[in-house]
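> Encoded as structure tokens, here's the structure I'll be asking about.
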Amino acid sequence: MTVVEAPAEHRRPPSVRRIVTPIPGPRSIELAARRAAALPAGLTSSSGVYAAEAADGVLVDVDGNSFIDLGSGIAVTSVGNSAPRVVERATAQLARFTHTCFLVNGYESYLEVCETLNRLTPGEHEKRTALFNTGSEAVENAIKYARAATKRPAVVVFDHAFHGRTLLTMTMTAKNMPYKYSFGPFASEVYRVPMAYPYRWPGGPDNAADEAFEQFRLVIDTQLGAGSVAAVVVEPIQGEGGFIVPAPGFLRQVADFCRERGILLIADEVQTGIARTGQWFACEHEGIVPDLITTAKGLGGGLPLAAVTGRADVMDAAHPGGIGGTYSGNPVACEAALGVFETIQTLDLLARAQRIGEILRAELAAIARDTTLIGDIRGRGAMMAAEFVTGADHTPNRDAVAEITRYAQDNGVLTLTAGTFGNVLRFLPPLTISEELLMEGLGVIRDAVARI
Ligand SMILES: *Cc1c(COP(=O)(O)O)cnc(C)c1O
């Protein structure tokens, strides 16, 4: 095997916040005009700035503005953008071969990614992993495995869920606008139950777990019939839905119920998985061992890679040739993922994610002391959010979040929003961000909140 040298000087932009033009700058505005002429209207970007380079905690735009990145491209570049080990491994692989199609010729890196996920995912049982390109594709395939293994049709999902944008996963996603509006008819055999959302549970946060579980149980036992349900699919912390951490104990009751009824529990860890929450997988916080786990966002260090990992007997139920895809488990993306695993281990990013979570929680709590706008602070590790409201009845305050986001961007901080009501400010910093930069970014958020 020829060993190919990675680029000797992998230049990284300095970790600073520096705004040198109005936002967006002139070059970004030029590109926006080309975009309007060449791209369809339905394809949007939440920030108007165009990227030139990025590393760890910063993104530099085409006008030379350097932003603190508190979003990681939606929880993707958890090990930092263009992380050195990801770049080295992917670059070397690019020069060896770019593609064979794993369905035609295998390669070792694919096996190594699967072996690693089998080892890292919760549970001591025998496991198998299959690779795909996107989170949606992983969720779609998890359903195919579950149906093949159980010979049952129905899929149960939750309020506020996000599972993707393909026909089946869009159907599984809760929110109408923008994800479903005008795109029906939807896939069949998808049923929705309440989520134990502590902050908005009608019976109060302390009753959320038991009452939501009772409704879940009733829908399955009295309306669907457990014998018709292939799988329950749940995000251990709901992502796009607003970083909703299910009330303590809810997931455990759901998991136990599924096991009793022969229903497969699928944890959609596309956003929460791969060290984001301070554990390799968010279901570990609740001691849950799902039958299948989907991963994607943080897995490939920015290259498209997704996986379904699960019980060997379930995964083996799909017949030979039934599962696959032309690009699935691309060799460059597999090498990138191996670089991600190495980086998480060598830099101890599980501990970093926990530390970032402590900082985020403490700083958001400090900001909340000076305002009535923040109704709830929640999340785990480097996946933390504040829900913005007005009044004692917790009316969602979407405008406040939009204003904060705009102010932050104008002042060199990139943040993301989320939530069924669009009123959640979410933080997903790269796990390699320095504490100084994180604190500086949160200082800008504090100023933004103070201005409202
Ligand atoms: C982003 C996301 C998906 C969809 O992943 P894509 O790569 O965009 O298809 C699915 N599930 C969850 C929980 C996600 O956060």
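> Probe of 1.4 angstrom, ligands and nucleic acids ignored: what's the accessible area per residue over region 1-150, in square angstrom?
Each residue of region 1-150 exposes 52 Å² on average to a 1.4 Å probe.
> Give me the extension gain from R252 to R451: residue separation times 0.36 nm, minus the current Cα-Cα distance, reported in nm with one decimal. Please list the in-between numbers first.
Values: separation 199, 0.36 × 199 = 71.64 nm, distance 4.19 nm.
Net length gain for the segment: 67.5 nm.
> If R0 is 45 Å, what FRET efficiency do you get for A36 and E435 from their C-beta distance, rounded to 0.05?
0.70
> Consider just the alpha-carbon atoms of region 80-209 and return their Rg together with their Dmax, both in angstrom.
Just the Cα atoms of region 80-209 yield Rg and Dmax of 19.5, 59 Å.
> Along the Cα-to-Cβ line of Y327, 7 Å from the Cα, sits a label point; which residues in region 101-124 have backbone N less than 16 Å from it?
Under cut-off, by backbone N: 101-103.
> Just to verify a number: FRET efficiency for Q223 and D316, C-beta to C-beta distance, R0 = 30 Å, to 0.05?
It comes out at approximately 0.45.
> Now, a different point. Specify the inter-centroid distance of region 47-78 and region 355-407, based on alpha-carbon positions, in whole Å.
Going from one Cα centre to the other spans 22 Å.
> Kindly provide the helix-only [θ] at 222 nm of the chain, computed as the sum of -39,500 (n - 2.57) over DSSP H runs of four or more divided by all residues, to the nearest 500 deg cm²/dmol?
Value at 222 nm, helices only: -11000 deg cm²/dmol.
> Let me make sure I get this right: for region 322-375, a, b and c are the square roots of the gyration tensor eigenvalues over alpha carbons, sorted descending. Under 1.5 in a/c it's rounded, otherwise prolate if a/b > b/c, else oblate. Which is it?
Verdict is oblate for region 322-375.
> Shape of region 1-153 from its Cα gyration tensor (a ≥ b ≥ c, root eigenvalues): rounded if a/c is under 1.5, otherwise prolate when a/b > b/c, or oblate?
Prolate is the answer for region 1-153, as a/c is 1.5 or above and a/b outweighs b/c.
> Right, next: Once the other residues with Cβ under 15 Å from the Cβ of A296 are scored (Lys, Arg +1; Asp, Glu -1), what is the net sum?
Surrounding charge for A296 is -3.
> Next question, about the same structure. Could you please state how large a percent of the accessible area of region 168-219 is carbon and sulfur, counting protein chains only and using a 1.4 Å probe?
Carbon and sulfur atoms account for 56 percent of the accessible area of region 168-219.
> Further question: With the cut-off at 1.5 for a/c, could you classify the chain from its C-alpha gyration tensor as rounded, prolate or oblate?
oblate
> Same structure, new question: What does the net charge come to around V232 if you take all other residues with beta carbon closer than 14 Å to its beta carbon, with K and R at +1 and D and E at -1?
-1
> Calculate the length of the line joining the C-alpha centroid of region 221-281 to that of region 304-329, in whole Å.
20
> Right, here's the next one. If you stretched the chain out fully between R192 and D370, how much longer would it get, using 0.36 nm times the residue separation minus the C-alpha to C-alpha distance?
60.3 nm
> Still on this structure: Determine ³J(HN,Hα), in whole Hz, for all residues of region 113-126 in sequence, where each value follows from phi through the Karplus function 6.51 cos²θ - 1.76 cosθ + 1.60 and θ = phi - 60°; x replaces Gly and Pro.
Residue by residue, region 113-126 yields 4, 5, 4, 5, 5, 4, 6, 7, 5, x, x, 8, 5, 6 Hz.
> Ranking request for peptides 359-371, 400-412, 261-273: highest mean number of other beta-carbon atoms within 10 Å first, then the rest in descending order.
Result, highest mean first: 261-273, 400-412, 359-371.
The values are calculated or read from the model by the stated rules, or taken from the named source; none is laboratory data. Just so we're clear, the structure is a prediction, and the values are computed from it rather than from any experiment. Neighbour counts are summed over all protein chains in view; Cβ atoms, including those assigned to glycine, are modelled from backbone coordinates with ideal geometry. Areas reflect the complete protein model, heavy atoms only, side chains present, ligands, DNA and RNA absent. Shrake-Rupley method; radii C 1.70, N 1.55, O 1.52, S 1.80 Å.
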